[in-house]
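**Student:** One structure coming up, written as structure tokens, with questions to follow.
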Amino acid sequence: MRTRLYRAGKLVLEDFPAADISEHLRDPDARVWLDYCAPTKAELATIAEEFELHPLAVEDAVNEHQRPKLDRYDTHLFLSVYAVRLDAASGELQTGEISAFVTRQALITIRKDEDTPLEPILARWDGSPELAGHGVGFLVWGLLDVIVDDHFAAVQSLDTAIEELEDLLFDDSQRGTEVQRRSFELRKSLVLLRRVVLPMRELVNALMRRDLGVIDATMAPYFQDVYDHVLRATEWTESLRDLVTTIRETYLTIQGNRMNLVMKKVTSWAAIIAVPTAITGFYGQNIPFPGFGHSWGFWVSSGLIVGVSLGLYRAFRRWDWL
């Protein structure tokens, strides 16, 4: 559990017991952040009673694999978002689910596992002390700004990986298996990232509504900036997904062309080899033929083999079959 207390726009206390939250919230100028990592039902029941959280919202916070969303209740808002991490070596995208309750004086975050770090969020809050006086809206902005920046960084890393994949398409080292495996891994990560990023447009846009009372006029441009980053990440993800599909189709086309070239060369050589086979087979008949029993018959057959084979070879070279 992590806690923070802001009073009059300044950080005054950290890591205090959750039992002291009620005492701190008696001050109308106090703003509290409370974080739980994989909380027990008893812990959730305590904060649900303290902040009058809706049972459906608490249930969504406990259950995993929620869709990124923003729900509105009488006493609070509930939002669900995903932090992402991309393994550049394998191309695998890892996600960490974060649920949050937004009340007038508090932001309560619920992390499903310890793989979702808090340090970037805390650094974002500490890096903008001039905005701390804008209440819970400031805390929500810091959380979403870090989440969306992670989305954008993942898209950028995927773009770099796809550029490297494009270079392998025309690599003469015949790394076909690697191209296929890598393209499927990147497409899988892009599909997962799209599921995480796409609903963020609706979520951030809903938070910017004035009737929710989450943000004031000063924080509005900051949320607009987050919304712009969400749009860019969404559009970039869509374009990359189409690009990966194009790369796969291009790879299959290249492989088909290479197979046709190989078959053309094999067929040409088979035609050349068939000439001496046909001639020697003809002269191997057990009947008299022109030159039978004479040495000039041997030289005629040998000359036919060499001449016709060279003629076919030159013709196939001219037609670019060899």
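Laboratory data are not the source of any read-out in this text; all were calculated from the coordinates shown. Since we're looking at a predicted model, the values are computed, not measured. Cβ sites come from the backbone with ideal geometry, for glycine too, and all protein chains shown count toward neighbours.
**Student:** Report the far tail of the P(r) of the stretch 104-161, meaning the percent of Cα-Cα pairs longer than 18 Å.
**Tutor:** Values: 708 of 1653 pairs.
Here the tail beyond 18 Å accounts for 43 percent of pairs.
**Student:** To test your reading of the geometry: what angle, between 0 and 90 degrees and rounded to tens, separates the Cα axis of helix 136-169 from the longest principal axis of the chain?
**Tutor:** 10
**Student:** Related question: Leaving out same-chain residues fewer than 8 places away, which lysines sit with a Cα under 26 Å from that of Lys41?
**Tutor:** Lys69, Lys112
**Student:** Determine the dipole magnitude for the chain: charges of +1 sit on the beta-carbon of Lys and Arg, -1 on that of Asp and Glu, nothing else is charged, the reference point is the Cα centre, and the result goes in debye to the nearest 20. Walk me through the numbers before you get to the answer.
**Tutor:** Details: 34 positive and 47 negative charges, 464 e Å.
Roughly 2220 debye, rounded to the nearest 20.
**Student:** Another question, then. Would you mind finding the longest exposed-site-free stretch of the chain, with exposed chymotrypsin sites (Phe, Trp or Tyr not before Pro) meaning DSSP loop and at most 12 other Cβ atoms within 10 Å? All intermediate terms of the calculation are to be shown ahead of the outcome.
**Tutor:** Values: sites that count: Phe170, Phe292, Trp319.
My reading of the result: 1-169 is the longest stretch.
**Student:** Please provide three numbers in whole Å: the alpha-carbon extents of the stretch 38-176 along the principal axes, with the largest listed first.
**Tutor:** 66, 36, 24
**Student:** With a cut-off of 8 Å between alpha carbons and a minimum separation of six or more residues, what is the relative contact order of the chain in percent? Show your work: numbers first, answer last.
**Tutor:** Working: 387 pairs, mean separation 44.5, N = 322.
After rounding, I find 14 percent.
**Student:** Normalised radius of gyration for the chain, please: alpha carbon Rg relative to 2.2 N^0.38 Å, two decimal places.
**Tutor:** Working: Rg = 34.9 Å, N = 322, 2.2 N^0.38 = 19.7 Å.
With N residues counted in the chain, Rg over 2.2 N^0.38 Å equals 1.77.
**Student:** Say we join alpha carbon atoms closer than 10 Å with springs in a Gaussian network model of the chain; which of Asp171, Asp145, Asp71 then has the biggest fluctuation?
**Tutor:** Evaluated over the chain, the most mobile residue of the options is Asp171.
**Student:** In a Gaussian network model over the chain where Cα atoms closer than 10 Å are linked, find which of Arg232, Arg258, Arg67 has the largest mean-square fluctuation.
**Tutor:** The residue that fluctuates most here is Arg258.
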